[in-house]
Amino acid sequence: MVQTQLEAAREGTITDAMNRVAVRENREPEFVREQVAEGQAVIPANTTHDALDPMIIGREFATKVNANIGNSETTSDLEGELEKLHTAVHYGADTVMDLGTGSDLDKIRETHIEHSPVPIGTVPLYEAVKQAGSPEAITTALLLEIIDKQAEQGVDYMTIHAGILAEHLPLTDGRKTGIVSRGGSIMATWMEAHGEQNPLFQVYDEICEIFAAHDVTFSLGDSLRPGCLADACDEAQYAELDTLGELTRRAWDHGVQVMVEGPGHVPMDKVAENVERQQAVCDGAPFYVLGPLVTDVAPSYDHITSAIGAAMAAQAGAAMLCYVTPKEHLGLPDENDVRDGLAAYRIAAHAGDVGNGRPSARDWDDALSEARYAFDWREQFRLALDPDRAREYHDQTLPEDNYKDARFCSMCGVEFCSMRIDQDARDRAGGEMDRLESGIDLESSPAAEVNRPPVGTHESATLPSDEEWTDRSVEEVGDD
Ligand code: SF4
């Protein structure tokens, strides 16, 4: 009989996975257990995923990043798919979703799970559509069969689009971009065609039982997420969110771990509101957000538009960020897009962690800053979020090895390197900069010519006299 991480945590057991997570997060195992027991964090770890290095997703832990991979009808080979997994993990993905819709889905999924140290997520609905031939042809039995098969294969978490209900569909009528979630559009099509309620909602308890038998974690799909700023925070989005809150509690009743997916496209002034609302409606279940994109106007730069929203969401309490690549809305990402998307999202996640004061998060920034000020270029590259690119950019203009010890780079050049100038000044001053003291002769300073008013087009009549200015400067900096 399988015991889920949630069930173990509730009865007071600290599992091996919890101990491992505690080490990785620099937290006490008991704190990890409490967070899992209360549903505030999840450890997606299918009991048959032997290659997994357990990790945790929750707002009290380091913000995580997911990368999507997967084949399509046009690109599909096992080696290529393994390469994508390797690329995603190499550039820092904490989890990987296999969203393949091409051929050999079972073989590719099993190979991914066999090799992946990070949790693998899927959307079983995609395989159902592929097998059935169209959204309308899906049956409830087929859905359950595929979910059960993927759970047995070792999938750690699955996106289940059970929250979109028939009564929500009319709420999307006035939208600018309708239903943009793939799973949402499939379920809406099915409900329209059959005139019945969402089958995933109807057999939700059976899905919970399958998940409990393998410790698969729910990622409750946000089928009605906004696809543009104009649709953000509308009635349809929040009606589905209410249903996701109910489904969260039902999964917990079955001892199954849950996280909840979120938008989408959201203006900056509504990002925190989205996170806070999800946390309230879903009783603190981890929020897993796609971006959100904070503007719609930058196709080919949507890793940036969305990383801005992702950083804000992370600071507001989102637990995992699903990356967006520069190819979003435009095409299937290649390896470079995956790299750029992951870099953008690791920045967002880390910035959120620093802003939230996560234990040790700032240490990384401080270590890199110290290496930078010491002109320790090799250490700076080693500590960089993307070491290869940092070195590559440096070497574009100063490739020779002796420049790895240089006290400048090509940005300001040797003469104007501010850090070198500053260090030399401190050296001359015997370590610390002297403070301005009363009686200092500003007139004899070379800076006096350029740094004292009036400057530019200001009227000298509105500015302090030279004497007043000198007195003020001394008062302001002299007694600090
Ligand atoms: S030259 Fe400019 S950018 Fe380069 S190390 Fe010096 S201060 Fe920094």
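The values are calculated or read from the model by the stated rules, or taken from the named source; none is laboratory data. What you see is a predicted model, and the numbers here were worked out from it, not measured in a lab. Glycine gets a Cβ as well: all are built from the backbone with ideal geometry, and neighbour counts include every protein chain shown. Heavy atoms of the whole protein, side chains included, go into the accessibility calculation; ligands, DNA and RNA do not. Shrake-Rupley method; radii C 1.70, N 1.55, O 1.52, S 1.80 Å.
A few remarks follow.
- Under the convention that each Lys and Arg Cβ holds +1 and each Asp and Glu Cβ holds -1, the size of the dipole of segment 1-142 around its Cα centre is about 320 debye.
- Take every DSSP beta bridge whose two residues both sit in the chain; close to 5 percent of them are antiparallel.
- Simple rule: put +1 on each Lys or Arg Cβ and -1 on each Asp or Glu Cβ in segment 362-444, find the dipole, and look at Phe408, Gly431, Phe381; the Cα lying farthest toward the positive end is Phe381.
- Bridges between two residues of segment 6-140, per DSSP, are antiparallel at a rate of about 20%.
- Signed unit charges on C-beta, dipole axis of the chain, positive-most listed residue Val96, Ala298, Pro263: Val96
- Comparing Gly70, Pro359, Pro135 along the charge dipole axis of the chain, the residue lying farthest to the positive side is Pro135, per the Cβ-charge model.
- Expressed as a whole percent, the accessible surface of the chain that belongs to carbon and sulfur atoms is 50, based on a 1.4 Å probe.
- For segment 362-444, the dipole from Cβ point charges (+1 on Lys and Arg, -1 on Asp and Glu) about the Cα centre works out to 200 debye, to the nearest 20.
- Here segment 166-323 was treated as a single set of alpha-carbon atoms; its pair distances binned every 5 Å from 0 give 2, 10, 18, 21, 20, 15, 9, 4, 1, 0 percent.
- 3J(HN,Hα) from dihedral phi, segment 293-305, Karplus parametrisation 6.51/-1.76/1.60, rounded to Hz, x for glycine, proline: 5, 9, 8, 9, 9, 10, x, 5, 10, 6, 5, 7, 4
- Normalised per residue, the accessible area of the chain is 46 Å², obtained with a 1.4 Å probe and no contribution from ligands, DNA or RNA.
- Sum of side-chain charges, Leu244 neighbourhood, beta-carbon under 14 Å (Lys, Arg +1; Asp, Glu -1): -2
- Net charge of neighbours whose Cβ lies under 13 Å from the Cβ of Cys409, counting Lys and Arg as +1 and Asp and Glu as -1: 0
- Over the chain, the alpha carbon radius of gyration divided by the compact-protein estimate 2.2 N^0.38 Å works out to 1.18.
- Neighbours of Glu60, meaning other residues whose beta-carbon lies under 14 angstrom from its beta-carbon, give a summed charge of 0 when Lys and Arg score +1 and Asp and Glu score -1.
- Segment 5-356 - charge dipole about Cα centre, Lys and Arg +1 at Cβ, Asp and Glu -1, debye rounded to 20: 700 debye
- Between the exposed loop cleavage positions of the chain, defined as trypsin sites (Lys or Arg not before Pro) in a non-H, G, I, E, B DSSP state with at most 14 neighbouring beta-carbon atoms within 10 angstrom, the longest gap is 177-406.
- Placing one equal scatterer on every Cα of segment 170-260 and applying the Debye formula, the log10 ratio I(q)/I(0) at q = 0.26 Å⁻¹ is -1.31.
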